[in-house]
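A.B. asks: Quick one: structure below, then a few questions.
The values are calculated or read from the model by the stated rules, or taken from the named source; none is laboratory data. Just so it is clear, the model here is predicted, and its values are computed rather than measured. Here the Cβ positions follow ideal geometry from the backbone for every residue, glycine too, while neighbour counts run over all protein chains shown. Each accessible area value is taken on the protein alone, full model and side chains, heavy atoms only, with ligands, DNA and RNA left out. Shrake-Rupley method; radii C 1.70, N 1.55, O 1.52, S 1.80 Å.
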Amino acid sequence: MTRVSPEFGDEVQAVWTLSADVSFQSNQFPKYKLGPDNEILEEIKEDNKGPPLKEVVIRETNQLTEQHKRLSVRDLASKFDKNLAAAAKLSEEAKLKEVASLDGHVLLKKLRDALECLKGRLAGRNKEDVEKAISMVEALAVKLTQKEGELIQEKFEVKKLVNFLKQASEDAKKLVNQEKSFACAEIESARSVVQRIGEALEEQERNQNPGMQQELEELIEEVQEARRIRLMHQPRKVVDMESELRELRLQIREKCTISLNLQNELARSMKAEENMYRLYELSGSETLGSILRIQPCSDKAVELAKCSIQWYRLSSQCSRREAILGANKCVYAPEPIDIGRVLQADITSNGLKVTLTTDGPIKQASDLGSYLEALLRKPNNDFSVVISQMNGRNYSSHSVHLFHIGKTRIKLSRGWITKARESYSRSMQLCGFRGGGNSAAKSLFWQARKGQSFVLVFESERERNGALTLARKYASDCNFMLAGPDDDALL
């Protein structure tokens, strides 16, 4: 075989070390032995489970170094070692001097040209080996191109990430500086406020009289003594002090109770003293569901049957009062419209007028709220009632009727017989019964339409007040005001 002239030896010195993950068309070199004249003496059968590629390369290199120098493999190997050292040296110099390295594709091209030149001079099995080497060099060139693309992409991503981190760092610095300025402003503001408060406290301390200053000092000493006891781990004394404080609180509570009882007794005595000079008084609880009754409290009082009586409602500011139409008896049962208002009654006889006023506004019954919630959860509500009057006349029958309150109408019936059934309208009236009697708190007045009215007695005061409130709510949903005579202004 002809010796290959190593004209490209100086250029191969810059060959870089190849990456270990390069894929070749064949994972091992062909296995053969050469004779003295470079003739193939024996061909070894390929074994899929052969030694690793690294061991094959070492063995083949050792074999080639023992052959004739005209193959120039020894020169190439020695130059390869020198090139490796030179490449390392050039790499270090490139880092220091910032000199760009040679292009890998140029080296691969020159290596391929050398192999092509060698291929033209060889024949047989050696030519096939050179062709395989050329294909491996081409695969290496493709792999190198891919790696360069990946490195360029990674370099772009890293540069992009560096820019993003740089921007984020700048934004963070701006935010920190802004928050720092805000914090400094808040600190200065708080410092000025604390300074003003301290000056005010000092001024207050200077203005305090000596007695208060002494009490304050004694209190501070007591607090310090308590803290000292805590620090000295003497819980017994602390427990004694807490028990004394508890007893003092109980005594103060008892004193407050006694004081409140004395005030109530004094108020009752003053009221009794006032009643000595009064002719009439109001009796009954000022709560919805009760009955207010006018009673004489003096022998000089004229009989109520011979007097003229009129009940009034006072506005929330007590600036004006409004007459309750039809409330002219000595008994009046407050209805839901009276809640929060003060009631008055004028008693007139022989030109003398006496005015009685409730001690406070009418209060709502405690159980009315929960009862209304239960009624509102039902679509329709029926109440058992007895008709007391019909069209202003006493009703003789005392049979039980059903008073139905719906969302759009009210109906009064007994079994299949309907006494009245009307939708909510302007002509409809509904209010508490104002004609007196012992059942006034359980009675209401209902005018279905003009010319048809009823006085209905419920089973309890709660049902009567619940029916009034429920009907007025449903009428309000239908854009109508449901009240008694002349009561529209109060709604």
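A.B. asks: Find, among the GluC sites (Glu not before Pro) in region 381-489, those assigned to loop by DSSP (not H, G, I, E, B) with at most 14 other beta-carbon atoms within 10 angstrom. List each step's numbers first, then the result.
C.D. replies: Numbers: sites: E422, E459, E461, E463; in loops: E459.
Sparse-neighbourhood loop GluC sites (Glu not before Pro): E459.
A.B. asks: Skipping prolines and chain starts, which residues have an amide H placed within reach, meaning under 5 Å, of the one on E281, given they are 5 or more residues away or on another chain?
C.D. replies: Result for E281 returns Q295, C297.
A.B. asks: Using each residue's phi in region 255-267, evaluate 6.51 cos²θ - 1.76 cosθ + 1.60 at θ = phi - 60° and report the 3J(HN,Hα) Karplus result to the nearest Hz, with x for Gly and Pro.
C.D. replies: 5, 5, 5, 5, 5, 5, 4, 5, 5, 5, 5, 5, 5
A.B. asks: Using a 1.4 angstrom probe on the protein heavy atoms only, could you order W311, W416 from most to least accessible area? Present the calculation step by step, with values, prior to reporting the outcome.
C.D. replies: Numbers: W311 0, W416 250 Å².
Sorted by accessible area, descending: W416, W311.
A.B. asks: How far is it, in nm, from the label point at N438 to the one at Q204 when both lie 7 Å from their Cα along the line to the Cβ?
C.D. replies: So the two model labels end up 6.4 nm from each other.
A.B. asks: Hey, another quick one. Lys and Arg at +1, Asp and Glu at -1: add these up for the other residues within a Cβ distance under 12 Å of V400 and post the number. Display every interim value, and only then the final one.
C.D. replies: Working: positive: R414; negative: D382, E459.
That works out to -1.
A.B. asks: Still on this structure, please answer the following. How much accessible area per residue does region 280-362 have, counting only protein heavy atoms and a probe of 1.4 Å, in square angstrom? Present the calculation step by step, with values, prior to reporting the outcome.
C.D. replies: Working: 4050 Å² over 83 residues.
That works out to 49 Å² per residue.
A.B. asks: Just to be sure I understand the model, the point goes 7 Å from the Cα along the line to the Cβ. What's the resulting S315 to R278 distance in nm?
C.D. replies: Simple spin-label model gives 2.6 nm for this pair.
A.B. asks: So how do 398-407, 298-307, 467-476 stack up, highest first, on mean other-Cβ count within 10 Å? Could the numbers behind the result be given before it?
C.D. replies: Values: 398-407: 15.6, 298-307: 11.7, 467-476: 19.9.
Ranking, from highest mean packing down: 467-476, 398-407, 298-307.
A.B. asks: Which percent of the accessible heavy-atom area of region 307-453 goes to carbon and sulfur, probe 1.4 angstrom?
C.D. replies: Working: 3570 of 7700 Å².
Its accessible area is 46 percent carbon and sulfur atoms.
A.B. asks: Moving on to the next point. At 0.36 nm per residue, minus the direct Cα-Cα distance, what do T61 and T357 gain on full extension? Give it in nm, one decimal, please.
C.D. replies: Answer, rounded to one decimal: 93.9 nm.
A.B. asks: Taking a ≥ b ≥ c as the square roots of the Cα gyration tensor eigenvalues, with a/c under 1.5 meaning rounded and otherwise prolate when a/b beats b/c, else oblate, which class fits region 256-398? Numbers along the way, then the final one.
C.D. replies: Details: a/c = 2.15, a/b = 1.26, b/c = 1.71.
The shape class here is oblate.
A.B. asks: With Cβ to Cβ distances under 15 Å as the rule, what net charge do the other residues near V457 carry (K, R +1; D, E -1)? Could you put the intermediate results ahead of the total?
C.D. replies: Numbers: positive: R414, K419, R434, K442, R462, R464; negative: E335, E459, E461, E463.
Result for the local shell: +2.
A.B. asks: Let me ask another. Sum up the charges of everything whose Cβ sits under 12 Å from the Cβ of Y332, counting Lys and Arg as +1 and Asp and Glu as -1, but leave Y332 out.
C.D. replies: Once all neighbours under 12 Å are counted, the net charge is +1.
A.B. asks: Let me ask something else about it. Based on the Cβ-Cβ distance from E148 to R196, what FRET efficiency comes out when R0 is 56 Å, to the nearest 0.05? Please report the intermediate quantities before stating the final value.
C.D. replies: Values: r = 71 Å, r/R0 = 1.28.
Here the calculated transfer efficiency is 0.20.
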